[in-house]
Amino acid sequence: MILALTHGFLLALGLILPLGVQNVFVFNQGALQKHYYNALPVILTACLCDTTLILLAITGVSVIVLQFAWLKAMLLIFGIIFLLYMGWVSWKNTPSPAKNEEFSPLSAKKQIVFALSVSLLNPHAILDTVGVIGTSSLQYSGIEKVVFTASCIVVSWLWFFSLAFAGKMTSRLDQSGKMLYVLNKVSALFMWGVAIYMVITFVQA
């Protein structure tokens, strides 16, 4: 049981740590919202999406779904469109370091929609979850499989809550707004870069 717990923890941490659009978006919202609790919509949405993907991967349902080529193509197309739009929103909605203007943060509804898009409309993230977590879970059964699954899910929840908190702490240390200004520009470029990569993947498929 300890092995399953440790395995799930390290595996989930290894998958979630690398810089990705989902992580950038959660960190950004933590930094840009006036209060930490205002970022709860994006945090909870990201957590629930990850939990859903983990459960689907371990039960094997996602493997069946992703066997349909048209479904994978649709996910790619929608993912590309959302990333291009989100990049534009991040690029335009930036605080001015010169005038120190108040930034207008995303509403709860937009946070949820965007978080859903970066979490569920990225076939690469889904395939990673299926290929790594789903495959790794095959060696466990019974209570050990439950512990492995729970460990992966707990890591996900702790990570997103901590990521948004780190964003909020960053914004408090940066009273001038310059860091957030640069962060938003970098985030936009990153999202556009991922979108371009997805376009190339779609064309070559």
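Quick look at the values:
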| quantity | calculated |
| --- | --- |
| Matching option when the condition is at pLDDT below 70 and under 20 Å from ASN38 (Cα atoms), among SER171, SER156, SER119, SER104 | SER104 |
| Subset of segment 7-51 that is among the hydroxyl-bearing types (Ser, Thr, Tyr) and touching a residue at least 60 places away in the same chain (Cβ under 8 Å) - its residue that is surrounded by the most Cβ atoms within 10 Å (Cβ to Cβ) | THR45 |
| Contacts under 6 angstrom Cβ, first residue in segment 155-170 being of a type in the set (A, V, I, L, M, F, W, C), partner surrounded by fewer than 22 Cβ atoms within 10 Å (Cβ to Cβ), 6 or more apart | VAL155/PHE9; VAL155/LEU13; TRP157/CYS47; TRP159/ILE16; PHE160/CYS47 |
| Sole residue being open to solvent by 60 Å² or more (accessible area, probe 1.4 Å), under 25 Å from TYR36 (Cα atoms) and charged (D, E, K, R), chosen from LYS178, LYS185 | LYS178 |
| Some residue of segment 74-93 being touching a Gly at 6+ places or on another chain (Cβ under 9 Å), open to solvent by less than 70 Å² (accessible area, probe 1.4 Å), modelled with pLDDT under 70 and within 21 Å of TYR36 (Cα to Cα) | no |
| Residues being hydrophobic (A, V, I, L, M, F, W, C) and closer than 26 Å to TYR140 by Cα - total across segment 6-45 | 8 |
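The values are calculated or read from the model by the stated rules, or taken from the named source; none is laboratory data. Predicted model, so just to flag it, every value in this text is computed and none were measured. Every residue, glycine as well, gets a Cβ built from its backbone with ideal geometry; the counts of neighbours run over all protein chains shown. Note: accessible area is taken over every heavy atom of the protein model, side chains too, but ligands, DNA and RNA are not part of it. Shrake-Rupley method; radii C 1.70, N 1.55, O 1.52, S 1.80 Å.
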